[in-house]
Structures are given as C-alpha cells and as structure tokens.
Amino acid sequence: MFLHPWILLLGALAIGLPLLIHKLTQPKPTRVPSSTIRFIQSAVQQRRKHHRLRDFIVLTLRTLAVALLTFALARPLIGLQRQEEPVDQTRVVRVVVMDLSQSMATRIRNVELFERGRPLASKKLGYQADLKADLILAGARSRAVFGTPSTNLPALQQELAAAAPRPEKLNVQLALNMASDLLLQESGENTDIRRELVFVSDFQRSNWANANFSVLPEDTEIQLLSVAGEETPPNLAILNVSTQGRAEVGQELQLVVDVGNYSSTPRQVQVDIALGDAVYQIKGLCSPRSRTRLSDKIIPREAGWLTGEAKLVGINDALPVDDRRPCAIEIRQPPAYVLITRQPANQRPSSSYYLERGLLPVEPRDTQNSSRLVRLDPDNFDTQVLAEADVIVLDHPGRLSLEAIRHLAALLRRGRGILYVAAEPIDATNLRLLSEAIGEGGQLPVDFFPPALTERRQDLLLTEPQHDRAPFSIFGDNLNAAIEPLRFSGGLSSRRKENALEDDILASLSDRSALLVVSSHDSGVLAVFNADLGSSNLHQSPIYVPLLAELVQNYILHRGQGNEERICGEAFDVDLPAETGSLQGLKISGPRLQTESLGSLSQEAYGLVWSAEGIDKPGVYRVQRQQGTEYALVVALSPDESDLRSLTSEVLQKRLAGERRIQFNTIDHTEATETDLIWTWLAIACMFCLIGEIVALKLFRT
C-alpha cells in the first residue's frame, strides 16, 4: 500500500527511459571496404566485452535509481498499522478536546506543541459520513464551540484555526465532564451510535495526575494524542515573588524570588526585579530539578504600592513566557495598635499598662513614622478608629456587645490581626461569640471556659513551648532557662477540640490548659494569650518585649503583604481592606487597555468584595479611587505550568483509565514515523546509485 499510488504509473514509464534512450542513441555500423576501417573494427571487437560490461553496470544503476526515486515519491506504507475506517453506516458522535494551557506554548525545535497538535485535531474534524462533532477548547475554563454535536465541521475547523495557547492551567476534569455531557446528548432512542473522544494535549503531569475518565459513557472510544517530545525539554521559570515580614517604610525588607530549574543541570541565573523606579538584581545557583529561593534585602523609602516585574536575564529555554512574573508589594507605615480595654490609662500597674509598654517599649517621637497606640473604651466603639488599626488588642474588655463582636469578626475575616488577652471569666463568652460570628472561616483549636470555683489558677508554669516556631524560636538554646522563673495567674480553663491542629497551640500551662494559641480566620489571624498580665510576672522578664514583638510580627501582622496572587483564568473573590472605604468612586484598572471583563466590586455585609470569573492576561490589576491605588492584585501564570514533564502512556491507560479502554498515540512514536523513515532510506539509496554511476564511468575511463 502506498500513500501516492498514482506515481507508480509514472515511475513504470520512467524506468524504461534509460533503455529507450540507449537504444535510440546506439550507433549503427555500416560496411565500408577500407583497410583502415578493418583495423578500427578489429580494435573495437577487442574491447566489445569491456564496453558491454560498462553499459550493463551504468544502465542497471540508472534504472535502479529511477525505480528507487519512484518508490520514495510514492511513500510506501510498509509496516504501518493503519486504522481501518468503519465500513458500516453507524452514526458517529465525536468530541475533540484541544488543550490550550500555557505548557502547549512550549517550543521543540522552534515549533510550538500547539502547532504540532493543531493538524491532528483538524484531521479528526474532517468530513465523514454520518459524523456529528463538537470542539472543546480546554483551559482553566473549557468552552464548547456549539454546545451540541453538529455536522457543521467547517465552522469547527475555523474555530480551531483561530485558537492559540492561553496563560492558564488546564482543568482536565472540567473538560472531561463537558465532553461527557456532549457525548450523552445524542443518546435518545437511537442506540446505534459510536461515541468517540479525542484529546490532543501534552499530558503534563501536574495537570493530568488526578484525571478521572470514569465520568465518560462506558462505550466511549477514547483516543489520546500526545504532542509532547520523547524527552522533557529544559525550562527555567520564576515561580513566585514575595517578601518576608511586614513591609514598612525605612525598615529593611527581605525580597524573595522562587526560581524553578526544570532541567538536568545546575544553572547560574540572574533575576532583575523592577519595583517602582528602582531595579534590584539577584543572582544565584539553581540546582537541577528543584525550586531554589533567592533573596536580597531592600529598604523601601515611601509608603504605598510598589508594582513591577521580575524577569530572568539571558535565558533561552523551551517556555519563554514564564521567564517573567508580575509582582506587587504594599509598603506600610509602622503598625497602628488599638487597645480595647475598660482599664483607665492612668491605672498603673495594670494588665493593659504592661501590654501597652510591651507593644511600644519606646515612646514614639515622630507620630508619622512610628508605631502608635490608641485606647478604645468598649462602650464607645468607634468603627473608624478600628478601620485604621493594623492590630486590635483586647485586654479586660468586659462583656462586648453583639454589634462589637460582629464588627470584630468582619475585620478579622478581612485580614485584621487580633490579640486577645483572656484574663476574666467573661472573656470565655466573648471568645465563643466571636468564634460563632466568624462562622466557617476558621475555629480556635481549643474551647475556653471559666475555671471552676474550686480551681486555683495561680503560679502556673509555662510548659510545652514549641521551640522551633515563633515566638519561642528566637531564644534558641536559652529558652528553657528563660521560661523557668515565669509564673502565670488568672485566665481561663481550656479543652482541646477533636481534630484540632496541634501546631496552633504554641504553649501550655502546667494545669494542661492552653497559654498561647494562634488560629487563621479567612485572611486574618486571632491569637489568644490565656493569662492575666497584671498578676503574672512575665512583664518582669527580659524575654517579654521580644516575645510579644515576635508574636505580633509573625502572626498577628500576618495579613497580606501585597504578595497575594491569583492564577490566570480562574475565578476569584477578594476581600478588599477595611480602609478602602466606600464603594463610590472605585474602579478596576489593568496594565493595558482591557477588552475583557476585570470583574466587579460589590458591597457585602462585612465590606467590599472584588469578584471576577477570571482574568485572562498576567499582570498587576488595581482598585483605584481617582489616581490613588487602594489595592493591587497580581494575576500570574500557574507555577505548575512550568514543569513540562508528561505522564507516560502506562499511567494514562491503566491507573487513570477508570475502567475505560484508552488508545494512546504520540507524535514522536516510532510506529508513527516508520513509514517516513522508509521513504528517506529509499531516497538515500537513489543518491548512492547516481554516485555509483559516476564512479563506474570513471573506472571505465569514459
């Protein structure tokens, strides 16, 4: 069988041309009575055998060259197992899924994987009798062209021709679920239907590891067409840009860049980070097949949002688009504290006084560039003062109103940090109501309740501190000696909840009650210190101020440092900071003129929310009031798309098949290229025949 059989007819005619030309040009001898002619005839007679051998060799090589060239042009299909087209009249419903994820933009020999897969998908959408088909363009959000199988195959071809890879991660299961719905639409009364699913992809491991084909109808014929190369192409990528700690004006800040080296060799890299008007340079060695964290220290000079981009310099890899990544950092003024307490400021000594001195050990000289603390009476609950606070501290607040508790819960959900010093029995009620108001956003690891009348909570020892975590880790080997003289009194009894995270309990007391617990609630953090500072001796210890500072910096000021990211193409809901204010006058802007929707802003019960079905382009997107930036959000590529390793056919056909029969083909498979190798060898043999003819003529001195 041949790909171009009509060429064989032309070849048969061409094979006879050398013989025909030889016969036509062969000289015919004539008899002339001459002694000279007889001498020449005698010489020719002596060399006749020599000439016949030459002619035989030359004609054989020439004829063989023409025959080989004919077969090469005809493209023999020797050894190819062609899939026979069905001869029956069964109706076919075919769904072709084209992977548009970012990894499909990978280049192998300067050709995108997507361009390798486009003709494969196009062939499956070619004309066939009794065929209905639809095309799914699959990314983070899959889209079916028609939403139902159709005979309008040219329109599907046009959609495929206009498609291109998008900066998204492939949601495989969403595409399979959509394909299942399309395949089932043609069921009805007619059961004589053959269902086919064709998926063209690179079958990237990070996307396909949890695929489940069992959602497809059982009789579906599944064909997976892989465009991935035989070997994983090397790639480097910037996976994340962040900061460690709170970014404050004039304070040293550690800038961190995560670089992924998805190659087999170590690579020396240089990352240029443009933030505002400044450019920072970080260099380092990235180990093979790993994620390396590079860092440098900077000192921000102005408050506000710093936006920009980090990029790898001098890198030529398989996926250039992930060599750069947008970034945004919010530089803040030193933290503002609000202390909610019923204890008067002039009451000294008191628990609230010790707490104030621990938070602000030095009286601020410059209120603009220094931390500040405002006392707030629970009976005069000022929401505006709370909105401007970075940390809310409660100590001896008495019974809080339900309105105050709801407002604290809303601030906590929106990223505020709260430190609650539980010293009185009423604090157990406040904490329970606060936990209920927060809802499913997160729960404390213990239940606090008032101690029994017979329970004596005095002179308790600090036990079971987590040595390797803040705030205790800074004391190193001196921790045990530092906490040995500490004695704690007051506070609440506690009971550990089932399935509670043990890491959330940072320290306990000698009566087995919790001393310090930390729990995340949506975007904010709630820390509970279970003791009365006024009747304990912690404030007399040299570890008091650094212990409190570590607790605040590492947990309570945990709220987003401007490093929050969303992935391209994926839906999101973002709570805007409480200080954003009212909805009026706010607008969303992007890095370029936008044609797609950037989402919407809405006023919810606990504040402003930015919602979007997904943003298609990476960059920094801002919520602005006039020309000022109230909030900045980074939309970036999924780090998973940078790891270009593909799953093997065995994993797809066995472990993930879901009891479905799967046919797996790859564009680089040896069986698929065997025929092409045959015609190339035929062409090479033809060339050797021509060279052999020249050599023969040389040897016979013709």
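For region 505-523, which residues satisfy the criterion of being modelled with pLDDT under 85 and not in a loop (DSSP other than H, G, I, E, B)?
Selection gives SER520, HIS521.
Being of a type in the set (S, T, N, Q) and touching a residue at least 24 places away in the same chain (Cβ under 8 Å) is the filter; apply it to region 569-589 and report the residue that is nearest to LEU411 (Cα to Cα).
Among those that are of a type in the set (S, T, N, Q) and touching a residue at least 24 places away in the same chain (Cβ under 8 Å), it is THR580.
What is the number of the single condition among (1) surrounded by 21 or more Cβ atoms within 10 Å (Cβ to Cβ); (2) among the aliphatic types (A, V, I, L, M); (3) more than 20 Å from VAL391 (Cα to Cα) that ILE331 does not meet?
If we test ILE331 against (1) surrounded by 21 or more Cβ atoms within 10 Å (Cβ to Cβ); (2) among the aliphatic types (A, V, I, L, M); (3) more than 20 Å from VAL391 (Cα to Cα), just (3) comes out false.
Tell me, please, whether a residue that is in contact with a His (Cβ under 7 Å, 6 or more places away or on another chain) and over 26 Å from ARG566 (Cβ atoms) can be found in region 320-342.
Yes, the conditions are met somewhere in region 320-342.
Might you check whether a residue that is closer than 30 Å to LEU551 by Cβ, more than 21 Å from the chain's Cα centre (by Cα) and loosely packed, with under 13 Cβ neighbours inside 10 Å occurs anywhere in region 253-266?
no
Tell me whether region 93-109 contains one or more residues that are modelled with pLDDT of 85 or more, at positive phi and either part of a strand (DSSP E or B) or out of contact with any Leu (no Cβ under 6 Å at 6 or more places or on another chain) (or both).
Within region 93-109, one or more residues are modelled with pLDDT of 85 or more, at positive phi and either part of a strand (DSSP E or B) or out of contact with any Leu (no Cβ under 6 Å at 6 or more places or on another chain) (or both).
With ASP395, ASP468, ASP447, ASP459 as the choices, which residue is free of Cβ contacts under 8 Å to residues at least 24 places away in the same chain and either on the phi > 0 side of the Ramachandran plot or not aromatic (Phe, Trp, Tyr) (or both)?
Exactly one of ASP395, ASP468, ASP447, ASP459 is free of Cβ contacts under 8 Å to residues at least 24 places away in the same chain and either on the phi > 0 side of the Ramachandran plot or not aromatic (Phe, Trp, Tyr) (or both), namely ASP468.
Can you tell which of SER201, SER226, SER142 is farther than 27 Å from VAL635 by Cβ, of a type outside the set (A, V, I, L, M), out of contact with any Lys or Arg (no Cβ under 9 Å at 6 or more places or on another chain) and buried (at least 16 other Cβ atoms within 10 Å of the Cβ)?
SER226
Against the condition in contact with a Gly (Cβ under 8 Å, 6 or more places away or on another chain) and not in a loop (DSSP other than H, G, I, E, B), how does PRO300 come out, does it pass?
no
Can you name the residue in region 470-488 that is surrounded by 15 or more Cβ atoms within 10 Å (Cβ to Cβ) and not aromatic (Phe, Trp, Tyr) and is also nearest to the chain's Cα centre (by Cα) among such residues?
Top of the filtered list is ALA470.
Tell me the helices (runs of 4 or more DSSP H) entirely within region 306-424 that contain at least 1 residues that are of a type in the set (Phe, Trp, Tyr) and at pLDDT 90 or above.
Ranges flagged: 351-359.
Taking the condition outside the structural domain of PRO326 (by TED's automatic domain parsing), surrounded by fewer than 21 Cβ atoms within 10 Å (Cβ to Cβ), among the charged types (D, E, K, R) and under 15 Å from LEU197 (Cα atoms), does ASP134 pass?
For ASP134, the condition - outside the structural domain of PRO326 (by TED's automatic domain parsing), surrounded by fewer than 21 Cβ atoms within 10 Å (Cβ to Cβ), among the charged types (D, E, K, R) and under 15 Å from LEU197 (Cα atoms) - is not met.
So which of SER611, SER600, SER589 is at pLDDT 90 or above, in contact with a Lys or Arg (Cβ under 6 Å, 6 or more places away or on another chain) and closer than 26 Å to GLY139 by Cα?
So the residue among SER611, SER600, SER589 that is at pLDDT 90 or above, in contact with a Lys or Arg (Cβ under 6 Å, 6 or more places away or on another chain) and closer than 26 Å to GLY139 by Cα is SER589.
Which of the residues belonging to region 110-135 are in a helix (DSSP H, G or I) and charged (D, E, K, R)?
Once the filter is applied, which keeps residues that are in a helix (DSSP H, G or I) and charged (D, E, K, R), region 110-135 yields GLU115, ARG116, ARG118, LYS123, LYS124.
So GLU436 passes all but one of these: (1) loosely packed, with under 13 Cβ neighbours inside 10 Å; (2) in contact (Cβ under 8 Å) with a residue 60 or more places away in the chain; (3) not hydrophobic (A, V, I, L, M, F, W, C). Which condition number does it fail?
Among (1) loosely packed, with under 13 Cβ neighbours inside 10 Å; (2) in contact (Cβ under 8 Å) with a residue 60 or more places away in the chain; (3) not hydrophobic (A, V, I, L, M, F, W, C), the lone unmet condition for GLU436 is (2).
Among the listed residues ALA163, ALA144, ALA138, which satisfies the condition of being over 24 Å from THR666 (Cβ atoms), within 29 Å of the chain's Cα centre (by Cα) and at pLDDT 95 or above?
Being over 24 Å from THR666 (Cβ atoms), within 29 Å of the chain's Cα centre (by Cα) and at pLDDT 95 or above holds for just one of ALA163, ALA144, ALA138, which is ALA144.
Among what's in region 260-297 and is assigned to a loop (DSSP other than H, G, I, E, B) and not polar (S, T, N, Q), pick the residue that is farthest from ASP643 (Cα to Cα).
Looking at residues that are assigned to a loop (DSSP other than H, G, I, E, B) and not polar (S, T, N, Q), I get ASP277.
Name the single residue that is farthest from LEU637 (Cα to Cα) among those in region 88-117 being among the hydroxyl-bearing types (Ser, Thr, Tyr) and buried (at least 24 other Cβ atoms within 10 Å of the Cβ).
Among those residues, the one meeting the criterion is THR106.
If I ask for residues that are over 20 Å from the mean Cα position of the chain (by Cα) and either over 28 Å from GLY628 (Cβ atoms) or surrounded by fewer than 14 Cβ atoms within 10 Å (Cβ to Cβ) (or both), which ones from region 288-314 would you list?
Across region 288-314, the qualifying residues are SER295, ASP296, LYS297, ILE299, ARG301, GLU302, VAL313, GLY314.
For PHE39, all conditions in the list (1) modelled with pLDDT of 70 or more; (2) aromatic (Phe, Trp, Tyr); (3) more than 21 Å from GLY692 (Cβ to Cβ) hold save one; what is the number of the exception?
For PHE39, the failing item is (1).
Considering region 439-465 alone, what residues qualify as being part of a loop (DSSP other than H, G, I, E, B) and either surrounded by fewer than 16 Cβ atoms within 10 Å (Cβ to Cβ) or outside the structural domain of LEU408 (by TED's automatic domain parsing) (or both)?
Once the filter is applied, which keeps residues that are part of a loop (DSSP other than H, G, I, E, B) and either surrounded by fewer than 16 Cβ atoms within 10 Å (Cβ to Cβ) or outside the structural domain of LEU408 (by TED's automatic domain parsing) (or both), region 439-465 yields PRO450, ALA452, LEU453, THR454, GLU455, ARG456, GLN458, ASP459, LEU461, GLU464.
Checking the structure you have, find out if any residue of region 410-428 is surrounded by fewer than 22 Cβ atoms within 10 Å (Cβ to Cβ), more than 19 Å from LEU608 (Cα to Cα) and touching a Lys or Arg at 6+ places or on another chain (Cβ under 7 Å).
yes
Tally time: how many residues in region 575-586 are crowded, with 18+ Cβ neighbours inside 10 Å and at pLDDT 90 or above?
1
The values are calculated or read from the model by the stated rules, or taken from the named source; none is laboratory data. This is a predicted model, so every value here is computed, not measured. Cβ coordinates were reconstructed from backbone atoms using ideal geometry, including for glycine residues, and neighbour counts include every protein chain displayed.
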